[in-house]
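Shown next, in structure tokens, is the structure this report addresses.
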Amino acid sequence: MTTTSSRGLMAGRFQPFHSGHLALAKQILEECDELVVVIGSAQFNFIDKDPFTAGERVLMIHEALKETGIDLAKCYVIPVPNDENNARWIAYLRSMVPSFDVLYSGNDFVKHLVLSQDPRLAVKSPKFAKKEEYNGTNIRRLMLAGGQWKRLVPPAVARVIEQVNGIERMRVLAGSDSNPQRW
Ligand SMILES: Nc1ncnc2c1ncn2[C@@H]1O[C@H](COP(=O)(O)OP(=O)(O)OP(=O)(O)O)[C@@H](O)[C@H]1O
Ligand SMILES: NC(=O)c1ccc[n+]([C@@H]2O[C@H](COP(=O)(O)O)[C@@H](O)[C@H]2O)c1
């Protein structure tokens, strides 16, 4: 059911943005009027778990939404660096994005932060899952191993990764020990 003038927010690292994420974006636009995609851990890049820059992730998401025929006028894609203080994350997040009514997350840690900081904020879970295949960790593993990763991401995302020579970058990062940052 569509609620009037509502905005739904999804947050993730999107390393890379995959078809599970796209399914969640579509779900939000079915249930809300507008979509806010927060690119979390925006300050991290060129790390094995976070290979792509915030700018590259903006492009992946923008192009994937566009190629799906989604009205970009209804979508905000906003990079947000992490806050070192988890206990104030929701207030920090609200200061960085347009006001939102529903936070969509399948992540228990995120749900726990919402419950402890803003218990009146509505939280909904993604309908699509297939998490054993459609998760960033699995896709990054396939990318490094020369496996079938392209079928798990929107075509536009595969194009952006090719444009930035992403697979070669990931191979260099995997072989490097100057790569200590973790989220
Ligand atoms: N397969 C999926 N179907 C629907 N929603 C998903 C799926 N995978 C992730 N999400 C949702 O997208 C948001 C961002 O997820 P996230 O970026 O952590 O993806 P991930 O693929 O699990 O990443 P990683 O494995 O790199 O940690 C979360 O709210 C998560 O619940
Ligand atoms: N303290 C913080 O800045 C903080 C806390 C919780 C989640 N986050 C972000 O929200 C996103 C949540 O996405 P996941 O569901 O992928 O964990 C992550 O990208 C993370 O960067 C940030």
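The values are calculated or read from the model by the stated rules, or taken from the named source; none is laboratory data. Model, not experiment: these values are computed from the prediction. As a convention, Cβ positions derive from the backbone with ideal geometry for all residues, glycine included, and neighbour counts pool all protein chains shown. Surface accessibility is based on the protein's heavy atoms, side chains included, excluding ligands, DNA and RNA. Shrake-Rupley method; radii C 1.70, N 1.55, O 1.52, S 1.80 Å.
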- For residue 17, the lone unmet condition from (1) among the hydrophobic types (A, V, I, L, M, F, W, C); (2) within 21 Å of residue 162 (Cα to Cα); (3) within 11 Å of ligand 1 (Cβ to nearest atom); (4) open to solvent by 20 Å² or more (accessible area, probe 1.4 Å) is (4)
- Identify the residue in segment 36-58 that is open to solvent by less than 10 Å² (accessible area, probe 1.4 Å) and assigned to a loop (DSSP other than H, G, I, E, B) and, among all such residues, is farthest from residue 167 (Cα to Cα). 41
- Note on the structure: Scanning segment 72-89 residue by residue, those without any contact (Cβ under 8 Å) to a residue 40 or more places away in the chain, open to solvent by 30 Å² or more (accessible area, probe 1.4 Å) and not aromatic (Phe, Trp, Tyr) turn out to be 72, 73, 84, 85, 86, 87, 88
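Please enumerate the residues belonging to segment 61-71 that are away from ligand 1 (no atom under 12 Å from the Cβ) and open to solvent by less than 10 Å² (accessible area, probe 1.4 Å). Reasoning before the result, please.
Kept after step one, since they are away from ligand 1 (no atom under 12 Å from the Cβ), are these residues of segment 61-71: 62-71.
Residues satisfying the conditions are 64, 65.
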- Applying the selection to segment 95-106, what residues are of a type outside the set (Phe, Trp, Tyr) and open to solvent by less than 70 Å² (accessible area, probe 1.4 Å)? 97, 98, 102, 103, 105, 106
- List the pairs whose first member sits in segment 17-41 and is among the charged types (D, E, K, R), whose second member is open to solvent by 30 Å² or more (accessible area, probe 1.4 Å) and within 13 Å of ligand 1 (Cβ to nearest atom), and whose Cβ atoms are under 8 Å apart, counting only residues at least 6 apart or on separate chains? 31/124
- Message: I'm checking my understanding of the structure. Among residues of segment 71-110 that are away from ligand 2 (no atom under 12 Å from the Cβ) and of a type in the set (Lys, Arg), which one is farthest from residue 24 (Cα to Cα)?
- Response: 94
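Looking at segment 12-34 only, could you name the residues that are assigned to a strand (DSSP E or B) and either over 14 Å from residue 99 (Cα atoms) or at pLDDT below 95 (or both)? Steps first, please.
Of the residues in segment 12-34, the ones assigned to a strand (DSSP E or B) are 12, 34.
Once the filter is applied, which keeps residues that are assigned to a strand (DSSP E or B) and either over 14 Å from residue 99 (Cα atoms) or at pLDDT below 95 (or both), segment 12-34 yields only 12.
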- Of all residues in segment 118-164 being within 26 Å of residue 47 (Cβ to Cβ) and in contact with a Leu (Cβ under 7 Å, 6 or more places away or on another chain), the one that is surrounded by the fewest Cβ atoms within 10 Å (Cβ to Cβ): 148
- Note on the structure: Note on segment 93-115: residues without any contact (Cβ under 8 Å) to a residue 12 or more places away in the chain and not basic (Lys, Arg) are 95, 107, 108, 109, 112, 115
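Which ones in segment 59-94 are assigned to a helix (DSSP H, G or I), of a type outside the set (Lys, Arg) and closer than 14 Å to residue 11 by Cβ?
Of the residues in segment 59-94, the ones assigned to a helix (DSSP H, G or I) are 59-67, 72-74, 86-94.
Then drop every residue that is not of a type outside the set (Lys, Arg), which leaves 59-65, 67, 72-73, 86-87, 89-93.
Of everything in segment 59-94, those that are assigned to a helix (DSSP H, G or I), of a type outside the set (Lys, Arg) and closer than 14 Å to residue 11 by Cβ turn out to be 61, 86, 89, 90, 92, 93.
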